1. Among (1) surrounded by fewer than 15 Cβ atoms within 10 Å (Cβ to Cβ); (2) farther than 19 Å from residue 92 by Cβ, which single condition is residue 69 missing?
2. Exactly one of (1) free of Cβ contacts under 8 Å to residues at least 12 places away in the same chain; (2) out of contact with any helix residue (DSSP H, G or I) (no Cβ under 9 Å at 6 or more places or on another chain) is unmet by residue 40. Its number?
3. Six or more apart or on different chains, Cβ atoms under 8 Å: show the pairs whose first residue is in segment 4-16 and free of Cβ contacts under 8 Å to residues at least 60 places away in the same chain and whose second is assigned to a helix (DSSP H, G or I) and surrounded by 11 or more Cβ atoms within 10 Å (Cβ to Cβ).
4. Please identify the pairs in which a residue from segment 74-85 that is assigned to a loop (DSSP other than H, G, I, E, B) has its Cβ atom under 8 Å from the Cβ atom of a residue that is surrounded by 15 or more Cβ atoms within 10 Å (Cβ to Cβ), counting only partners at least 6 apart or on another chain.
5. Do you know which residues across segment 47-73 are touching a helix residue (DSSP H, G or I) at 6+ places or on another chain (Cβ under 9 Å) and in contact (Cβ under 8 Å) with a residue 12 or more places away in the chain?
């Protein structure tokens, strides 16, 4: 999130910045236990990274990087698209395995 907050430093210097993410939102894992325990709603534990990126002059691409071709300096996207890069920074992080519009726990099976 520190990099996100400082994106304008890069874009103001003429760098093109593209953020690729599977969702326009990023969930803060530190609040995950509270989310799972019902203390927080999903909307309270996420950042709108698409808006944050675009407000700071970056481009947001909703997709997932499937592979990096370091020889060609290209990100190969899950949608079959490609993004050329000069410098890449990866945040593999964690994912929330639910649809953004559903409530966690709707599809839990007990064995």
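1. Single failed check for residue 69: (2).
2. (2)
3. Matching pairs, first to second residue: 4/49; 4/52; 4/53; 5/52; 7/52; 7/53.
4. What qualifies is 78/63; 78/65; 79/63; 81/61; 81/63; 85/74; 85/75.
5. 47, 49, 52, 53, 56, 57, 58, 59, 60, 62
A quick yes/no check of all residues on (1) at pLDDT below 90; (2) within 20 Å of residue 61 (Cα to Cα); (3) surrounded by fewer than 11 Cβ atoms within 10 Å (Cβ to Cβ):
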{"residue": "2", "(1), (2), (3)": "yes, yes, yes"}
{"residue": "8", "(1), (2), (3)": "no, yes, no"}
{"residue": "14", "(1), (2), (3)": "no, yes, yes"}
{"residue": "17", "(1), (2), (3)": "no, yes, no"}
{"residue": "29", "(1), (2), (3)": "yes, no, no"}
{"residue": "43", "(1), (2), (3)": "yes, no, yes"}
{"residue": "48", "(1), (2), (3)": "no, yes, no"}
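The values are calculated or read from the model by the stated rules, or taken from the named source; none is laboratory data. Only a predicted model underlies this, so the values are computations on that prediction, with no experimental measurement involved. In this analysis, Cβ positions are derived from the backbone assuming ideal geometry, glycine residues included, and neighbour counts consider all displayed protein chains.
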